[in-house]
1. Report the percentage of all Cα-Cα pairs in region 88-133 whose separation exceeds 15 Å, rounded to a whole percent.
2. Would you mind working out the accessible area per residue for region 23-150, using a 1.4 Å probe, and quoting it in Å²?
3. Return the tail of the calculated pair distribution for the chain, meaning the percent of Cα-Cα pairs more than 27 Å apart.
4. In nm, to one decimal, how far is the residue 128 label point from the residue 32 one, both placed 7 Å along Cα→Cβ?
5. Heavy atoms only, probe 1.4 Å: what % of the accessible area of region 23-150 goes to carbon and sulfur, would you let me know?
6. Where does the longest stretch of the chain lie that holds no trypsin sites (Lys or Arg not before Pro) found in a DSSP loop with 11 or fewer other Cβ atoms within 10 Å?
7. Using Cα-Cα distances under 8 Å and only pairs 6 or more residues apart, what relative contact order does region 23-150 have, in percent?
Amino acid sequence: MPTQTKTLDTLQLRSILAHAPTPSTAVSAVVDDQPVGMAVGSFVGLSLEPPLVGVSIQKTSSTWSLLRTANQIGISVLTENHAPVVRQLAGPKDKRFANIGWRKNGEAVLLEDSAAHLTTQLIDEIDTGDHILALLEVKEAEEFIAGLPLVFHGSQITSVRG
């Protein structure tokens, strides 16, 4: 007997997907001599050989249209120390880096007190519906002894307790 197809409600799907924690990262670069970046909650390691990671970005993002032009893009894996600034990184563009410590590696912007830094280069973009999956090759990576990882879970920013 065939099963009936039920129309998928996007709000219900968002609620369901909120049960899976996702890492909180900052994706940033210097563009036109200014730091440009955003908080991203859809970071994934894709391959060790070659070293590839991915981030999923809403197609409507005006920040991504700037970041994608940079030769290097920094990814900072955020920790509990960044909890107060995650919303800032998602807020008004001209205030995203106010009072946040960061450094450059080429054009990549890397946030202080991160669990890890990746300096990457955009190699492809894949259309994934209302998002773009940006494929990034890792050119350099560092890990640090830092605080607990920050994740997006249950529609909230929280840290992972070991």
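The values are calculated or read from the model by the stated rules, or taken from the named source; none is laboratory data. Given the structure is predicted, the values throughout are model-derived calculations rather than measurements. When we count neighbours, we look across all protein chains shown, and the Cβ atoms used for this are built from the backbone with ideal geometry, even at glycine. Just so you know, the surface numbers come from the protein's heavy atoms only, side chains and all, with ligands and any DNA or RNA stripped out. Shrake-Rupley method; radii C 1.70, N 1.55, O 1.52, S 1.80 Å.
1. On the way: 650 of 1035 pairs.
More than 15 Å apart: 63 percent of the Cα pairs in region 88-133.
2. 51
3. Of the Cα pairs, 24 percent sit more than 27 Å apart.
4. Distance between the two pseudo-spin positions: 2.8 nm.
5. Looking at region 23-150 in its full context, I get 51 percent from C and S.
6. In short, 7-160.
7. Averaging sequence separation for qualifying contacts and normalising by length gives 30 percent for region 23-150.
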